[in-house]
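All remarks here apply to the structure that follows.
The values are calculated or read from the model by the stated rules, or taken from the named source; none is laboratory data. Given the structure is predicted, the values throughout are model-derived calculations rather than measurements. Using ideal geometry, Cβ is built from the backbone for each residue, glycine included, and neighbour counts are taken over all protein chains shown. Surface accessibility is based on the protein's heavy atoms, side chains included, excluding ligands, DNA and RNA. Shrake-Rupley method; radii C 1.70, N 1.55, O 1.52, S 1.80 Å.
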Amino acid sequence: MPPSMRVETIQTDVLVVGGGGAASRAALSAAQAGAKVRMACKAPLLQGGSTVHGASEIMSMGAAAGFGDPNDSPEIHYQDTMRAAEGFIDPELVRVLASDAPERIRDLLDMGLKPDQTIDGNVKLIQSDFGSYARCVGVSGKTGKAFVTAMARELQRMGVMVDTPMSLVDIVRDNEGSIAGAVCLDTERQLLVHYQASSVILGTGGMHGVFSQQVSTPEMTGDGQAICYRHGAELVNLEFHQFGPALVHPYIQLFSKSCFVLYPTIRNANGDLFLSRYLPDGVSAEEVMDEKVFPFTTSNVSRYLDIAIAHEINEGRGGEHGGVYFTFEGVPESKIEATIPNTVRWMRSKGVNPLTDRFEVGIAFQCMNGGVRMVNTQAESSITGLYVIGEVAGGVRGPDRPGGNSLAEGQVFGHRAGTAAAERSKKDDRPSSDKTTFNETLNFVNAILERGQPQFDMNEAEHLLRETMQTYCLVEKDEPGLKKALSIAEGIAQQIDSGLAATPSTLSRALSLRNMVDASSLVLKACIQRKETRSGHFRTDFPVTDDAHYQGAFIWKKAPEGLRSWQYTYAMAE
């Protein structure tokens, strides 16, 4: 290797890759179970990931914990979740999600979490989309950050080591295919770290970095999804992802229903009030905004709002920052402050006057609903000893899901994965062996570094991929557009295969680009394969839901003969 690059070896029982809500919970639970735990984070703790950066009027965790309507229960939570995605999600996973969520929210309260409260001092609850009752607990619209802050205190108290900035290079498997550790790149010291671990938990997040408009942080580049795919893990529901209107300038913030029931004025760059042009006879702009949900769904008339915004932007009538123009002009100040108090506070802190200023709203990527398939209730992947949690995981989210489930999933399966990984490490009696995939990874990295300077413009490739995914893989999809996008992604992949090169200082970026391309290609192929419209998967060339042919999930796996996919219908609700 070049003199500036060296390898450092660290032994630990459990390695957690990631630093968001799910990863923090996993590390904490593994440590509480007695394991030696190490965290490897691409961004510093409390600075990266969807959980930390998510913000909206209704960001919250769903848990039927007894704080609200006595008729609500984990059973009702289970039924709500199954009803939103039956056939596409694993009922056993949903069962433990609903049953464990109350205990996990109580854990956070015990850690000092201060939830929003009603005037009389009770926990204030939010009724989310697809939820039968108000059961979601929030903290001033930035609930995820409050969660991670509470867990970070506990991690520090327990002495859990956090290594950052660390980019995941690869996982390491033994000669039987089970997990044996991982390789990360310390981007500050410019060295490789070989973690030898009995169990690895991936909480690497989603694919925000492959879209030009997104509501989190761009370091999430599909690393876990791409790396697991290359190692033969199964992935599921990749065509389903969440997106919707978001403030994109002067700062980034998801816009939930609360913002739309104020009936904002929406204009394109030409100053035109365009929404009415997209509405069928008998549907008013007020009805569309009253029905608005986040994320985009074709299940009600609010779809016309997202379609209209995306179409205006794609046709070149958006603003310079990729959005259309919103104002709350004419809305009484008292109504604005009562309806979106958190948004008003955030806007003013950023120097925006919500009463008079104009700002840009675009269509932004929020979350992957599919990912690496969890094969059991301990969040284990199809690779023994490799656990997947949070947004990188698949099997508990389908075409739709109740709001508040995402934070609940991170806490429930983070805890289960951490506990299971710790137990596995105690029972691991495998003899230490050099017969792992580590040398293959090392040789691959060496080859990239030996080429030196990149053979193509990585800036240009990243920009092209992001613009392509934003245009063809969000609101309106059709076969020609998806195939054009796939052709572009595959063209970049060919450049990577023939000439991926880097210096130690550009290696992380080169590896991230490779992951972005591979993960994007998988998503595009999944979108092409589902020739129907279902919830947020809107195919303009197949505008009808086709239960006869597509009432089930597609599972994807790398095989010796190439990419394999098959349809699998999960069991119905019990």
Open item on the list: Out of Y325, Y304, I need the residue that is farther than 20 Å from Y251 by Cβ and aromatic (F, W, Y). Which one?
Closed with: Y304
Task: Qualifying positions in the range 368-386 - open to solvent by 10 Å² or more (accessible area, probe 1.4 Å) and either under 16 Å from the mean Cα position of the chain (by Cα) or of a type outside the set (A, V, I, L, M, F, W, C) (or both) - done: R373, N376, T377, Q378, E380, S382, T384
- [ ] Assess whether K435 counts as being of a type outside the set (S, T, N, Q) and modelled with pLDDT of 95 or more.
- [x] no
TODO: Return a yes/no flag: does the range 207-214 have any residue that is β-branched (V, I, T) and either open to solvent by 20 Å² or more (accessible area, probe 1.4 Å) or assigned to a strand (DSSP E or B) (or both).
DONE: no
- [ ] Could you run through the range 518-532 and say how many residues are outside any helix (DSSP H, G or I) and surrounded by fewer than 22 Cβ atoms within 10 Å (Cβ to Cβ)?
- [x] 2
- [ ] Could you grab me the full set of residues in the range 551-574 that are open to solvent by 30 Å² or more (accessible area, probe 1.4 Å), of a type in the set (S, T, Y) and outside any strand (DSSP E or B)?
- [x] T569
Task: Where V261 falls short, out of the listed (1) open to solvent by less than 20 Å² (accessible area, probe 1.4 Å); (2) under 23 Å from Q242 (Cα atoms); (3) touching an Asp or Glu at 6+ places or on another chain (Cβ under 7 Å) - done: (1)
Open item on the list: Between D72, D100, which is open to solvent by 10 Å² or more (accessible area, probe 1.4 Å), within 26 Å of V293 (Cα to Cα), among the acidic types (D, E) and in contact (Cβ under 8 Å) with a residue 24 or more places away in the chain?
Closed with: D72
- [ ] Count, please, the residues in the range 492-517 that happen to be part of a loop (DSSP other than H, G, I, E, B) and open to solvent by less than 10 Å² (accessible area, probe 1.4 Å).
- [x] 3
TODO: Could you tell me which residue of the range 138-195 is farthest from the chain's Cα centre (by Cα), considering only residues that are part of a helix (DSSP H, G or I) and β-branched (V, I, T)?
DONE: T149
Task: Which listed residue is within 27 Å of Y472 (Cα to Cα), in a loop (DSSP other than H, G, I, E, B), open to solvent by less than 70 Å² (accessible area, probe 1.4 Å) and among the aromatic types (F, W, Y), from F296, F365 - done: F296
- [ ] Quickly run through the range 434-475 and pick out the residues that are among the hydrophobic types (A, V, I, L, M, F, W, C) and open to solvent by less than 20 Å² (accessible area, probe 1.4 Å).
- [x] V445, I448, L449, M458, A461, L465, M469, C473, L474, V475
Task: Residues of the range 310-358 satisfying the condition of being over 30 Å from Y472 (Cβ atoms), in a loop (DSSP other than H, G, I, E, B) and not charged (D, E, K, R) - done: F328, G330, V331, P332, I340, G351, V352, N353, P354, L355, T356
TODO: Could you please let me know if G390 is under 30 Å from P91 (Cα atoms), modelled with pLDDT of 95 or more and open to solvent by 10 Å² or more (accessible area, probe 1.4 Å)?
DONE: yes
- [ ] Among the candidates S50, S29, single out the residue that is touching a residue at least 60 places away in the same chain (Cβ under 8 Å) and open to solvent by less than 10 Å² (accessible area, probe 1.4 Å).
- [x] S29
TODO: Kindly list the number of the only condition in (1) over 19 Å from G371 (Cβ atoms); (2) surrounded by 17 or more Cβ atoms within 10 Å (Cβ to Cβ) that fails for G87.
DONE: (1)
